[in-house]
Amino acid sequence: MLVGWLSIACRLGSVVTGGTDGIGKSYAEELAKRGMKVVLISRSQDKLDQVSSEIKEKFKVETRTIAVDFASEDIYDKIETGLAGLEIGILVNNVGMSYEYPEHFLDIPDLDNMIKKMINVNILSVCKMTQLVLPGMIERSKGAILNISSASGSHPVPMLTIYSATKAFVDFFSRCLHEEYRSKGIFVQSVLPYFVATKLAKIRKPTLNTPSSETFVKSAIKTVGLQSRTNGYLIHAVMGLIISVLPSWLYFKFIIDMNKSTRARYLKKIKKN
């Protein structure tokens, strides 16, 4: 259970990438609520300062910020320096990016740049942050790494092809890592949400099946130490079960039709503007 993992972690610290918005911010708040020091890592120093100040004032915990752009590859020395002297109990690899709108692979605008950025943000960040934090966890024989994948990583999503594939990497990486290091006291979790009302998903209004990030994380964090692979939210788990029994032709037809419709609406909106 989470309480067990935090019995040591509470006097240590937590690191959350992409911690100024959405799911990342909600994880930072939930960990701070439990008394953990929080290191927020994101691109905008202004946003980092704002969220850091809010968490410090509300939860009375120590916070630290590191401003880097995860689309770059040469940021990890700066992060390592920023984490110096801290004992990290929990790492939340949350930072991620998706498409501006669904599109066929060869028609993605600025495709070369998109490939590089998507791999750096969604894949390289998970590997490098784990490389930085895991040795200390092994030394203390205690730690949790929560990797935010996506339901798009458990079922292929045409027209979000690169995103879907990068999130499948996060899921497989997490599952393998958990098996490699569980005997050393390390818990690694793959979190695979469906839609959550965030800026990344471009959904503003929460619903029962599209929860706010706060509602989602309150549910997902209860699975830490219990489930190494989770949808994090009961209704999302039910959705996953339904999708898993659909014939593949029906699933792909539904996904492609939905993404074509989303693409058409987006392009129409830009044309108007």
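A short reminder: the numbers here are calculations on the coordinates, not readings from a lab. Keep in mind that what you see is a predicted model, and the values were worked out from it rather than measured. Note that we place each Cβ from the backbone using ideal geometry, even for glycine, and neighbour counts take in every protein chain shown.
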Computed lengthening from K58 to D77, 0.36 nm per intervening residue step minus Cα-Cα distance: 3.7 nm
Among (i) 122; (ii) 133; (iii) 157, which one is volume of the Cα convex hull per residue in Å³ computed from these coordinates? (ii)
With labels modelled as points extended 7 Å from the Cα through the Cβ direction, what inter-label distance (nm, one decimal) is found for R43 paired with R204? 2.1
If the chain between R182 and S244 were fully extended at 0.36 nm per residue, the gain over the current Cα-Cα distance would be 19.5 nm
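Taking Cα atoms of region 118-273, Rg/Rh with Kirkwood Rh, to two decimals?
Across region 118-273, the Cα-based Rg/Rh ratio is 1.01.
Restricting to DSSP H runs of at least four residues, report the calculated mean residue ellipticity at 222 nm for the chain, -39500 (n - 2.57) per run over all residues, nearest 500 deg cm²/dmol.
-15500 deg cm²/dmol
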By the scheme Lys and Arg +1, Asp and Glu -1, what is the net charge of all other residues having a beta-carbon under 14 Å from that of Y101? +3
What ranking of M129, M114 emerges when the number of other C-beta atoms within 10 Å of each C-beta is taken as an exposure proxy, fewest first? M114, M129
Binned Cα-Cα distances of region 33-142, short to long, each 5 Å bin given as a whole percent: 2, 10, 18, 20, 19, 14, 8, 5, 4, 1
Provide the percentage of antiparallel DSSP beta bridges, counting only those with both residues in region 2-243; round to the nearest 5. 0
Give the lysines reachable from K184 as a straight Cα distance under 24 Å; neighbours fewer than 8 places away on the same chain don't count. K37, K128, K142, K222
In whole Hz and in residue order, list the ³J(HN,Hα) couplings for region 69-80 that follow from phi through the Karplus curve 6.51 cos²θ - 1.76 cosθ + 1.60, θ = phi - 60°; x for Gly and Pro. 9, 5, 6, 8, 9, 9, 9, 7, 5, 5, 5, 4
From the cross-link list K25/K56; K117/K218; K47/K167; K202/K269, the entries with a Cα-Cα span beyond 18 Å are K117/K218; K47/K167
The aspartates and glutamates whose Cα lies under 13 Å from the Cα of K58, excluding any fewer than 8 residues away in the same chain, are E29, E30
Amide H proximity to I145 below 5 Å, modelled H, separation 5+ or other chain, gives L91, F187, V188, Q189
